[in-house]
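The values are calculated or read from the model by the stated rules, or taken from the named source; none is laboratory data. In this text the structure is predicted, and so the values were computed from the model without any measurement. Cβ sites come from the backbone with ideal geometry, for glycine too, and all protein chains shown count toward neighbours.
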Amino acid sequence: MARLLAALAWALTLVAFPAFAQQPPAEPQRIPLWANGAPGFESRASIPEEARDYWLKPVNNPSITYYPARPGRETGASVLIMPGGAHEFLVITTEGDDVARWFNERGVSAFVLRYRLFRGKDSPYKFENAREDAERAVRTIRAHASEWKLDPNRVGVVGFSAGGELARVTLLSPPVPAPGRGDAIDKLSARPDFGILVFPGPLHGEEKITPDSPPLLLSAASDDQCCSQPTIDLLTAYRAAGASAELHLYAAGGHAYNMGETTPLVSLRRWPEQITNWMTDRGLLTRWPPEPQPARR
């Protein structure tokens, strides 16, 4: 009898539990940034990518992979994720797809950018081509905001290492001219609304930081010989301009601790909680569109 009652109680729990909690995440969708390949490089669009273990290269047909927020948790916020890899390859797993799924669980739709790599072997590309990809991706998200139920004013960028460099110029540098003839998408703003830069590298472009510059969350380890000082310098520039920036500088951790999934350091294993806290404090995780309030009587 006790077992029967327990089974009945469990069944009632399943019935009462909100239906959205039982829905699996939607399958990711890969979307080319240009229908026929990057303008000026259309002939390279069919060159295949090679993916092994955690990395992917080369990228000749730039794209975003869309990971919708988990059903029932949607906030309307979105992030464009730029994996690192020294501009030679993309760390597509732990700095891309895995990060997208992490954001999905928190109600944020995510897009993983596959951008062109100017330091790859025999690469015909320049850093400006990667910038074209990033800016086109931001515009593409805004162009589809209504269809994907996203807030066009809460489109952020997340960048790791070399991807942090690309995210930084997308946030803070004047946009590069749209390649080719341009289209309706290219008329939209390519400036993100906020940025999360994780051990970003030193490469950046011309910048004019003002009090209205997009708010930043920065993360680095003090013993990262590559990227801790550029991160500190960016914070200093933001402070001097009166812009909003928050830095989490850890005593140790080196480079590429990513989302803390493999580090033995407790502080780094938990550091992604700071992303949730920061986004919450900035109102980025509120439901969108806002739920209608009852009329006052």
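Taking the stated definitions as given, is Gly84 in contact with a helix residue (DSSP H, G or I) (Cβ under 7 Å, 6 or more places away or on another chain), surrounded by 24 or more Cβ atoms within 10 Å (Cβ to Cβ) and either part of a loop (DSSP other than H, G, I, E, B) or not polar (S, T, N, Q) (or both)?
Here the answer is yes, as Gly84 does meet what is asked.
Restricting the first residue to segment 269-280 and requiring it to be closer than 20 Å to Ala251 by Cβ, which pairs with a second residue that is surrounded by 14 or more Cβ atoms within 10 Å (Cβ to Cβ) and β-branched (Val, Ile, Thr) meet a Cβ separation below 7 Å and a spacing of at least six or different chains?
Arg269/Thr263; Ile275/Ile196
Quick check, is Asn153 touching a Pro at 6+ places or on another chain (Cβ under 8 Å) and not aliphatic (A, V, I, L, M)?
Answer is no for this residue.
Residue by residue, here is whether (1) farther than 23 Å from Val155 by Cα; (2) surrounded by fewer than 16 Cβ atoms within 10 Å (Cβ to Cβ); (3) in contact with a helix residue (DSSP H, G or I) (Cβ under 8 Å, 6 or more places away or on another chain) holds:
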site	(1), (2), (3)
Glu206	no, yes, no
Thr210	no, yes, yes
Ala221	yes, no, yes
Gly242	no, yes, no
Leu247	no, no, yes
Arg269	yes, yes, no
Glu273	no, yes, no
Leu285	no, no, yes
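Of the residues Asp183, Asp133, which single one is buried (at least 24 other Cβ atoms within 10 Å of the Cβ), out of contact with any Gly (no Cβ under 8 Å at 6 or more places or on another chain) and either in contact (Cβ under 8 Å) with a residue 60 or more places away in the chain or not in a helix (DSSP H, G or I) (or both)?
Step by step, each of Asp183, Asp133 is checked, and only Asp133 is buried (at least 24 other Cβ atoms within 10 Å of the Cβ), out of contact with any Gly (no Cβ under 8 Å at 6 or more places or on another chain) and either in contact (Cβ under 8 Å) with a residue 60 or more places away in the chain or not in a helix (DSSP H, G or I) (or both).
Residue by residue through segment 102-120, note down the ones that are in contact (Cβ under 8 Å) with a residue 60 or more places away in the chain and over 13 Å from Gly159 (Cα atoms).
Of everything in segment 102-120, those that are in contact (Cβ under 8 Å) with a residue 60 or more places away in the chain and over 13 Å from Gly159 (Cα atoms) turn out to be Trp102, Asn104, Arg106, Gly107, Val108, Arg116, Leu117, Gly120.
Condition check: among the acidic types (Asp, Glu) and exposed (fewer than 13 other Cβ atoms within 10 Å of the Cβ). Does Asp193 satisfy that?
no
Every residue, every condition in (1) in a loop (DSSP other than H, G, I, E, B); (2) touching a Leu at 6+ places or on another chain (Cβ under 7 Å), yes or no:
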site	(1), (2)
Ser213	yes, yes
Leu218	no, yes
Leu235	no, yes
Asn258	yes, no
Thr280	no, no
Arg287	yes, no
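Pairs only if they're at least six apart or on different chains, beta carbon under 7 angstrom, first in segment 241-256 and over 22 Å from Asn277 (Cβ atoms) and free of Cβ contacts under 8 Å to residues at least 40 places away in the same chain, second surrounded by fewer than 18 Cβ atoms within 10 Å (Cβ to Cβ) and of a type in the set (D, E, K, R); list them, first residue then second.
Gly254/Asp223
Within the group Leu166, Leu171, Leu150, which residue is touching a strand residue (DSSP E or B) at 6+ places or on another chain (Cβ under 9 Å) and either modelled with pLDDT under 95 or within 19 Å of Trp55 (Cβ to Cβ) (or both)?
Result of the check over Leu166, Leu171, Leu150: Leu166.
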